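The values are calculated or read from the model by the stated rules, or taken from the named source; none is laboratory data. Just so it is clear, the structure is predicted and the values come from calculations on it, not from any experiment. Cβ placement follows ideal geometry from the backbone for every residue including glycine, while neighbour counts extend to all protein chains displayed. Keep in mind that these areas ignore ligands, DNA and RNA; they rest on the heavy atoms of the full protein, side chains included. Shrake-Rupley method; radii C 1.70, N 1.55, O 1.52, S 1.80 Å.
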Amino acid sequence: MLRKLVDYKKLDHKVAAKLIESYPHGYGDNDIIVFKNAKGEFVEAVEVKTEDTIYLVRISKSLSNFIANFDEAIEKELESTGTESSASANFEDAEETE
(Lines give C-alpha, C1' and ligand atoms only; values in the text may rest on other atoms or scores of the structure.)
Protein backbone atom coordinates (compact mmCIF):
# COMPACT_ATOMS: atom_id res chain seq x y z
CA MET A 1 0.00 0.00 0.00
CA LEU A 2 1.27 3.45 -0.93
CA ARG A 3 1.97 5.93 1.90
CA LYS A 4 1.88 9.67 1.32
CA LEU A 5 2.74 12.52 3.65
CA VAL A 6 0.53 15.51 2.80
CA ASP A 7 -0.70 18.78 4.18
CA TYR A 8 -4.49 18.84 4.61
CA LYS A 9 -4.71 21.78 2.18
CA LYS A 10 -3.50 19.51 -0.61
CA LEU A 11 -6.02 16.71 0.00
CA ASP A 12 -8.60 16.06 -2.68
CA HIS A 13 -12.25 16.35 -1.68
CA LYS A 14 -12.81 12.61 -1.14
CA VAL A 15 -9.77 12.18 1.13
CA ALA A 16 -10.66 15.36 3.05
CA ALA A 17 -14.14 13.93 3.64
CA LYS A 18 -12.58 10.65 4.79
CA LEU A 19 -10.37 12.64 7.22
CA ILE A 20 -13.46 14.27 8.71
CA GLU A 21 -15.25 10.92 8.85
CA SER A 22 -12.29 9.36 10.66
CA TYR A 23 -11.96 12.19 13.19
CA PRO A 24 -15.43 13.80 13.48
CA HIS A 25 -14.67 15.30 16.90
CA GLY A 26 -11.00 16.00 16.27
CA TYR A 27 -8.01 13.80 16.98
CA GLY A 28 -6.44 12.83 20.28
CA ASP A 29 -2.95 11.96 21.44
CA ASN A 30 -3.53 8.29 20.60
CA ASP A 31 -4.31 9.20 16.95
CA ILE A 32 -1.02 11.04 16.37
CA ILE A 33 1.84 9.31 14.58
CA VAL A 34 5.31 10.80 15.19
CA PHE A 35 8.28 10.04 12.93
CA LYS A 36 11.46 11.60 11.55
CA ASN A 37 11.46 12.83 7.96
CA ALA A 38 14.42 12.68 5.56
CA LYS A 39 15.81 15.90 7.08
CA GLY A 40 15.81 14.37 10.56
CA GLU A 41 12.95 16.58 11.74
CA PHE A 42 10.12 15.17 13.82
CA VAL A 43 6.77 15.17 12.03
CA GLU A 44 3.38 14.65 13.64
CA ALA A 45 0.53 13.33 11.49
CA VAL A 46 -2.81 11.56 11.60
CA GLU A 47 -3.56 8.59 9.38
CA VAL A 48 -6.32 8.41 6.76
CA LYS A 49 -6.72 5.13 4.86
CA THR A 50 -8.26 4.70 1.44
CA GLU A 51 -8.44 1.53 -0.64
CA ASP A 52 -4.95 1.91 -2.07
CA THR A 53 -3.20 4.64 -0.06
CA ILE A 54 -2.44 5.56 3.52
CA TYR A 55 -2.30 9.33 3.85
CA LEU A 56 -0.29 10.79 6.72
CA VAL A 57 -1.81 14.24 7.14
CA ARG A 58 0.56 16.69 8.82
CA ILE A 59 -0.75 18.17 12.02
CA SER A 60 -0.87 21.92 12.22
CA LYS A 61 -2.91 24.45 14.14
CA SER A 62 -5.03 25.05 11.09
CA LEU A 63 -5.83 21.31 10.72
CA SER A 64 -7.83 21.46 13.96
CA ASN A 65 -9.74 24.47 12.64
CA PHE A 66 -10.33 22.69 9.32
CA ILE A 67 -11.88 19.66 11.07
CA ALA A 68 -13.99 21.83 13.35
CA ASN A 69 -15.31 24.01 10.52
CA PHE A 70 -15.63 21.42 7.74
CA ASP A 71 -19.39 20.88 8.07
CA GLU A 72 -20.09 24.61 8.11
CA ALA A 73 -17.89 25.20 5.06
CA ILE A 74 -19.61 22.45 3.06
CA GLU A 75 -23.06 23.77 4.01
CA LYS A 76 -22.09 27.27 2.87
CA GLU A 77 -20.70 25.88 -0.40
CA LEU A 78 -23.91 23.93 -1.04
CA GLU A 79 -26.08 26.96 -0.24
CA SER A 80 -24.10 29.20 -2.57
CA THR A 81 -24.37 26.77 -5.50
CA GLY A 82 -27.89 25.57 -4.83
CA THR A 83 -27.24 21.82 -5.14
CA GLU A 84 -24.80 19.23 -3.95
CA SER A 85 -23.99 17.98 -7.44
CA SER A 86 -23.05 21.42 -8.72
CA ALA A 87 -20.90 21.97 -5.63
CA SER A 88 -19.02 18.79 -6.41
CA ALA A 89 -18.65 19.80 -10.03
CA ASN A 90 -17.29 23.21 -9.01
CA PHE A 91 -14.77 21.60 -6.69
CA GLU A 92 -13.60 19.21 -9.41
CA ASP A 93 -13.22 22.11 -11.84
CA ALA A 94 -11.12 23.98 -9.28
CA GLU A 95 -8.87 20.96 -8.81
CA GLU A 96 -8.23 20.66 -12.53
CA THR A 97 -7.14 24.29 -12.84
CA GLU A 98 -4.64 24.16 -9.98
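Could you tell me the relative contact order of segment 1-57? Use alpha-carbon pairs under 8 Å, at least six residues apart, and round to a whole percent.
46 percent
When a/c is below 1.5 the answer is rounded, else prolate if a/b is larger than b/c, else oblate, so apply that to segment 4-52 with a ≥ b ≥ c taken from the square roots of the Cα gyration tensor eigenvalues.
Here segment 4-52 falls in the oblate category.
Cross-link partners among lysines for K39, C-alpha distance below 17 Å, same-chain residues fewer than 8 apart left out?
K4
Starting from the Cα-Cα distance between I32 and D52, subtract it from 0.36 nm times their residue separation and give me the gain in nm to one decimal.
5.1 nm
Give the carbon-plus-sulfur fraction of the accessible surface of segment 1-44 in %, rounded to a whole number; probe 1.4 Å, heavy atoms of protein chains only.
Using a 1.4 Å probe with all protein chains present, segment 1-44 comes out at 48 percent carbon and sulfur.
Please work out the FRET efficiency for the pair K4 and E79, using the Cβ-Cβ distance as r and a Förster radius of 30 Å; give the result to the nearest 0.05.
0.40
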